[in-house]
Amino acid sequence: MTARGRVTLGVLLDSLGAEVVRALALPRGRELLVGTPVIYDPEEPMTGLDGAVLLVAGRPSTEVLARAGEAGVAVVIVKPGTCDPEPLAEAARAAGTALLAAAPDLSWGQLYTLIDALLAVVAPAENLGDAWAADLFALANQVAIRVGGAVAIEDLAMRVLAYSTVEDQPIDDLRREGILGRRVPAHPTNTEEYAAVLRAEDAVWSYEPREFYPRLAIAIRAHGEALGTIWAVQAEEPLTPDAADVLAEAARAAAPHLARINLAADEARRRRDECLDRLLRGIGPVRELATSFGLLPDEPVTVVTVGPYARPADAFAATHTGDLLRTAYAAYRMRAAAGAVDGRAYAIVATDSAAPLLRRITADTLARVADRLGGRWRAGIGRTVPSVASAPTSARQAEEALRALCGPFADAEVGHHEELSAALFLMDVDTSMRARPSLYGEPLRPVAEHDGRHGTDYVRSLRVWLAAHYDVPRAAELLSLHPNTLRYRLRRIGELIDLDDPDIRLVLALQLRLNGATNPAG
């Protein structure tokens with residue numbers, strides 16, 4: 001199996017990330033060209049592996065590395081386990097073969113899928129002839145030549161997976177920003193335009209935003225499921241008459257690539273979420289896991305968690321929210337491990353919880369989540385802890401803060417654990433008292449019963465008076481009453497209960513707050 005000249009080893013390492021593979025020996029440097037992944041079978045001869053990425057299952061040995069070097073294998077990936085990796089690294093350097101260590105809990109099938117999908121996106125074309133290109137960048141160039149306009153291929157998250165580089169084909173600022181940022185720039189018309197493309201069976205024209213060139217676009221589908229889109233820019237010269245048919249052919253050719261990319265993305269996301277879950281629970285090699293996310297094991301961190309208000313958690317929404325958090329923090333160069341765990345989005349952020357930027361970024365992300373997914377969303381922020389090893393403590397606090405924000409005693413969208421202590425206390429009291437008759441009993445009951453029998457408004461008057469810290473003029477203003485009228489009401493209430501008793505006032509305040517100022521007897 002030939003696998004020469006696909007991507008550099010540096011691209012492979014950077015794309016997979018330290019949480020998937022780490023280098024043990026790079027005798028030929030990061031610029032080494034590598035290619036097709038192969039799961040090694042010791043029963044098969046090492047032939048046709050020139051430039052391959054060899055996944056060696058089982059216990060690795062120096063003999064396997066020597067044979068791999070003789071066969072022209074570019075990279076060997078192993079799981080050292082309990083054996084000493086240094087002899088393996090020495091054997092790799094002697095054989096001239098790069099040696100990488102895979103994460104122990106990553107299956108070989110998952111790793112194969114990740115590498116295979118990476119090659120489908122970024123590898124250069126080889127011997128295309130008259131067939132469609134074997135990768136997305138070359139496919140974009142082929143389409144651009146045939147239709148006469150610059151082309152971009154995107155996934156459903158509006159990430160630019162590939163784009164054409166044909167000379168003398170003009171592009172506008174919208175396409176230029178998309179290429180530089182690898183994502184379509186935000187615009188109010190995006191949602192409507194993309195929805196129109198994904199609804200249509202054939203290629204459709206898009207004329208929004210008006211200040212940019214028109215575009216002909218088509219959805220990429222596999223078995224009826226939308227996977228992405230292809231967009232062709234029409235500049236000063238019109239696209240070719242058969243442009244719609246060319247895009248339809250290209251969409252069919254791109255579908256297998258995007259299916260593999262989506263599968264790999266799901267695998268990578270699942271693994272990342274598993275690692276995040278272990279950090280949040282303090283399980284496993286914390287320092288190694290922290291490093292895989294780009295966090296320093298001994299630096300202060302803060303945990304943020306996001307969830308929907310007043311509705312059950314949703315795995316898809318949590319995953320999407322985790323992606324948005326990761327992107328948002330990265331945009332401000334805040335190192336963070338973000339993802340979805342148990343239906344909620346979490347982030348372990350290398351910053352102080354009191355940092356105003358943390359709150360602002362989180363609030364902005366909530367707005368984006370609500371815009372894309374609908375509903376109301378809240379974000380709880382735990383207290384800052386001294387290291388990633390203490391992240392479980394901050395995570396519990398973030399969860400408590402989120403619980404308070406989704407309860408009846410707080411109305412903010414983003415809240416810190418320390419500022420929500422009163423709301424959390426009230427929720428705990430409410431939980432312990434909800435099924436008890438004392439919550440509706442004395443001293444509130446006789447006042448409520450009087451309202452029920454005589455049509456008075458004593459309960460509401462008490463609530464406003466207590467909330468105004470016993471300031472009669474202020475409470476009367478809020479009730480739209482004369483102060484003397486309120487004083488008269490308070491004297492009448494005083495005939496039912498002892499309002500001069502500070503304990504009575506405290507219990508009344510709790511009963512009224514926990515009951516939401518409703519009539520408990522009604």
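The values are calculated or read from the model by the stated rules, or taken from the named source; none is laboratory data. None of these values were measured; they are calculated from a predicted model. Ideal geometry is used to build each Cβ from the backbone, glycine not excepted, and the neighbour counts take in all protein chains shown. Side chains included, ligands, DNA and RNA excluded: accessible areas come from the protein's heavy atoms. Shrake-Rupley method; radii C 1.70, N 1.55, O 1.52, S 1.80 Å.
For region 138-250, with every protein chain kept in place, what is the accessible area per residue (1.4 Å probe, Å²)?
50
Looking at region 267-372, what % of the alpha carbon pairs are farther apart than 17 Å? Intermediate values should be presented prior to the final figure.
Values: 2708 of 5565 pairs.
Cα-Cα pairs of region 267-372 separated by over 17 Å account for 49 percent.
Hey, what number do you get for the chain at 222 nm if only DSSP H runs of n ≥ 4 count, each worth -39500 (n - 2.57), divided across all residues, to the nearest 500?
-14500 deg cm²/dmol
Where Lys and Arg each count +1 and Asp and Glu each count -1, what net charge lies around V459 among other residues with Cβ under 15 Å from its Cβ? Working shown, then result.
Values: positive: R445, R453, R460, R463, R489, R492, R505, R513; negative: E442, E449, D451, D457.
Spelling it out: positives minus negatives among the neighbours equals +4.
Working from the pairwise distances between different alpha carbons, so that the mean of 1/r is found and then inverted, what is region 227-277's Kirkwood radius in Å?
It is 13.5 Å.
Using C-alpha positions alone, give me the convex hull volume of region 198-284 per residue in cubic angstrom. The partial results should precede the final answer.
Details: hull volume 12.4 nm³, N = 87.
Taking only Cα atoms, region 198-284 has a hull volume of 142 Å³ per residue.
For region 179-245, treating each Cα as an identical point scatterer without solvent, what Debye log10 I(q)/I(0) comes out at q = 0.17, 0.28, 0.29 1/Å?
Reported log10 I(q)/I(0), two decimals: -0.66, -1.39, -1.41.
Three principal axis extents, largest first, for the C-alpha atoms of the chain, in Å?
Principal-axis extents of the chain (Cα, largest first): 99, 63, 36 Å.
Taking the inverse of the average 1/r across all pairs of different Cα atoms in region 336-423, what Kirkwood radius in Å do you get? Show your work: numbers first, answer last.
Details: mean 1/r = 0.0753 Å⁻¹.
When all Cα pairs of region 336-423 are included, the Kirkwood radius is 13.3 Å.
Once both axes come from the Cα atoms, what is the angle between helix 136-147 and the longest principal axis of the chain, in degrees from 0 to 90, rounded to 10?
Taking Cα atoms only, the helix is inclined about 80 degrees.
Normalising by the residue count of region 438-491, find the relative contact order in percent from Cα pairs under 8 Å and 6+ residues apart.
22
Report the net charge of residues surrounding G494, where surrounding means a beta-carbon distance below 13 angstrom and charges are Lys +1, Arg +1, Asp -1, Glu -1.
Around G494, the surrounding residues sum to +1.
If you roll a 1.4 Å probe over the chain with all protein chains in place, what percent of the accessible area is carbon or sulfur?
52
Over region 269-412, what is the relative contact order in whole percent, taking alpha-carbon pairs under 8 Å and six or more residues apart?
32
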